[in-house]
Amino acid sequence: MVELVVETTTTWTKRGRGVKPVAFDYYRPQGIAEAVALLSDKGDEAAILAGGMTLGPMLNLRVVRPRAVIDISRIAALKTISVRANVVVTGAGVTQSDALNSDIIVREVPLLAMALPWVGHFQTRNRGTLGGSVAHADPSAEIPLALVASGGTIVLQSRRGQRRVAAREFFVGALVTQRQPDEILTALEWPRSPPDTGHAFTEIAQRHGDFAIAAAACGVRLGKEDQVEELLLAIGGVEDRPVAIDVNGFLGRPAAKMAVDLSEHAAAIVNPLEDHSASADYRIALTKVLVERAVNAAVGLAWQRRNRLQ
Amino acid sequence: MTTLYRAAHERVSIELTLNGQRRSGEAEPRMLLCDFLRHELQAFGVHVGCEHGVCGACTILVDGRAVRSCTQYVAQADGVDIVTVEGLAEPDTLNEVQRAFAKHHALQCGFCTPGILCSVTHFLRDTPKPDEQQVRDMLSGHICRCTGYASIVTAILVAAAVLSQKS
């Protein structure tokens with residue numbers, strides 16, 4: 001005879017009820033050293049929680065099942081934005097909305113300021129962090145693209161010490177980076193942009209705030225004869241990671257006629273993904289269009305800024 | 001410097017400020033903040049939709065900022081200051097934004113409304129005189145399947161105009 005067992009609960013929130021993620025031990029270290037020590041003990045059994053705008057959904061859907069969650073969202077040392085000689089250092093825990101409202105970012109790293117309004121929505125930017133987006137490494141994410149385009153650096157901390165990895169080498173593939181399981185991403189370094197540089201960030205998504213099908217980021221500085229003095233160009237959402245485009249062949253050329261050639265150059269060298277949202281051919285077509293738009297906008301802005309400074 | 005630790009199945013006692021009152025409750029660390037607010041603290045104005053940060057129904061104010069409550073966990077919330085739709089106006093009254101929502105038909109089923117009202121509260125504090133594009137950009141973080149958004153945009157613009165005249 002089968003006995004029917006009816007489990008009675010005293011409250012709705014009795015163990016295992018009304019929860020979505022797997023059971024995890026929760027740690028909230030107060031400083032970076034404690035966080036690093038914890039992660040070094042737990043390794044890949046632990047997940048680092050900052051804003052939770054990516055880890056939260058992954059926990060709720062049980063895509064990730066960590067034994068431990070290390071919450072770094074209250075570590076004050078990770079929330080600073082500071083200006084050094086050549087770079088602006090943003091702590092990993094700086095929220096996207098704090099960065100967007102920072103005069104330092106708007107003045108010194110305008111490309112990031114232009115990228116941020118494309119990141120998620122007002123409500124997710126209020127909690128989502130710069131470091132979290134970079135550590136997660138979604139191929140179509142805007143902050144990694146801006147960091148690659150700017151030639152920025154990622155700072156990683158572990159018990160073994162600190163190391164710095166160039167953004168252009170950090171992203172290995174979709175959701176895969178050079179970060180080792182015992183390392184915490186503590187800061188991002190953004191080269192300071194000279195005041196006569198023009199930037200542009202543009203993307204195509206199904207809806208504003210959705211993941212980009214393709215995105216382009218550009219920075220340009222012009223010489224006296226309107227020739228290209230400095231040029232940065234990177235593409236996101238097209239390959240499995242943000243890619244910097246080699247633009248050496250364009251230095252010294254007249255800026256006014258560059259956009260179409262540069263867009264064809266970029267479209268010829270990217271190796272596009274194909275997925276449910278777009279075919280490879282469509283991503284090539286978008287690359288061409290977005291690069292042309294971004295370059296034209298950046299050149300226009302560079303021209304204005306240089307003239308204003310003269 | 002110390003590290004706070006909560007074991008996986010240990011029910012933790014959480015103390016926080018909810019709509020101006022000190023409240024406390026118990027739950028596992030992994031419980032979603034939205035579920036905790038509804039089922040432990042009876043803040044049923046927190047609506048739970050997609051439960052992964054997309055739809056905006058569960059948006060609340062945490063330390064003044066409009067954020068999702070479905071992608072935060074109970075263990076993270078001790079000591080924070082939370083305002084839900086119940087705390088946006090005195091009981092049995094409506095604030096300017098709520099009045100404009102009623103007048104301009106900015107809600108039908110009302111499921112998305114509490115989240116939107118919380119977002120608007122933070123948004124209008126930062127952007128007291130928004131244009132339509134800014135309102136639509138803020139609203140892109142909420143999904144409404146009834147209204148088509150146009151009436152919500154109108155209500156927010158009207159409320160912003162009334163509030164900025166008052167101040």
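We did not get these values from a lab; they are worked out from the coordinates using the rules stated. Everything numeric here is computed off the predicted structure, so don't read it as measured data. Here the Cβ is made from the backbone with ideal geometry for all residues, glycine too, and neighbour counts use every protein chain on show.
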Checklist entry - So how much slack lies between A:Val106 and A:Glu230, counting 0.36 nm per residue of separation and subtracting their Cα-Cα distance, in nm? => result 42.7 nm
Next on the checklist: Over 32 Å between Cα atoms: which of A:Lys79/B:Lys129; A:Lys79/B:Lys166; A:Lys224/B:Lys129; A:Lys79/A:Lys257 fall into that group?
Outcome noted: A:Lys79/B:Lys166; A:Lys224/B:Lys129; A:Lys79/A:Lys257
Checklist outcome for this item: Measuring from its Cα centre, the range A:22-71 shows a charge dipole (+1 at each Lys and Arg Cβ, -1 at each Asp and Glu Cβ) which, in debye to the nearest 20, is 200 debye
Item to check | Förster radius 25 Å - calculated FRET efficiency between A:Asp275 and B:Cys50 (Cβ-Cβ, nearest 0.05) | outcome: 0.70
Checklist entry - Treating the beta-carbon of each Lys and Arg as +1 and of each Asp and Glu as -1, no other charges, what is the dipole magnitude of the range A:162-261 about its Cα centre, to the nearest 20 debye? => result 120 debye
Next on the checklist: Between the range A:235-310 and the range B:21-38, how far is it from one alpha carbon centroid to the other, in angstrom?
Outcome noted: 48 Å
Next on the checklist: For the ranges B:25-32, B:47-54, what's the packing order if you count other beta-carbon atoms within 10 Å of each residue, average per peptide, and put the highest first?
Outcome noted: B:25-32, B:47-54
Checklist entry - For the range A:88-103, in order, what is each residue's ³J(HN,Hα) by Karplus, 6.51 cos²θ - 1.76 cosθ + 1.60 with θ = phi - 60°, in whole Hz (x at glycine and Pro)? => result 9, 9, 10, x, 4, x, 5, 6, 4, 6, 5, 5, 5, 8, 8, 4
Item to check | For B:Tyr73, residues with placed amide H under 5 Å, excluding near neighbours | outcome: B:Leu33
Checklist entry - Charges only on Cβ, +1 for Lys and Arg, -1 for Asp and Glu: so what's the dipole of the range A:198-309 about the Cα centre, in debye to the nearest 20? => result 580 debye
Checklist outcome for this item: Phi-derived 3J(HN,Hα) across the range A:241-252 with the Karplus relation (6.51, -1.76, 1.60, θ = phi - 60°), rounded Hz, x for Gly and Pro, is 7, x, 10, 7, 8, 6, 10, 3, x, 9, 5, x
Checklist entry - For the range A:166-223 and the range A:103-141, what is the separation of their C-alpha centers, rounded to whole Å? => result 9 Å
Item to check | In order through the range A:225-232: 3J(HN,Hα) via Karplus (6.51 cos²θ - 1.76 cosθ + 1.60), integer Hz, x for Gly, Pro | outcome: 8, 6, 8, 6, 9, 9, 8, 10
Checklist entry - When only Cα pairs under 8 Å and 6 or more residues apart are kept, what is the percent relative contact order across chain A? => result 15 percent
Checklist outcome for this item: Dividing the surface of the Cα convex hull of the range A:198-309 by four yields a projected area in nm² of 6.8 nm²
Next on the checklist: I'd like the FRET efficiency for A:Val64 and B:Ser13, computed as 1/(1 + (r/R0)^6) with the beta carbon distance as r and R0 of 35 Å, rounded to 0.05.
Outcome noted: 0.85
Next on the checklist: Once you place label points 7 Å from the Cα toward the Cβ at B:Gln165 and A:Asp44, how far apart are they in nm?
Outcome noted: 6.3 nm
Checklist outcome for this item: Averaged over the residues of B:10-16, the number of partner chain Cβ atoms within 10 Å of each residue's own Cβ comes to 1
Item to check | Other-chain or far-sequence residues with amide H under 5 Å of A:Ala205's (modelled H) | outcome: A:Ile213
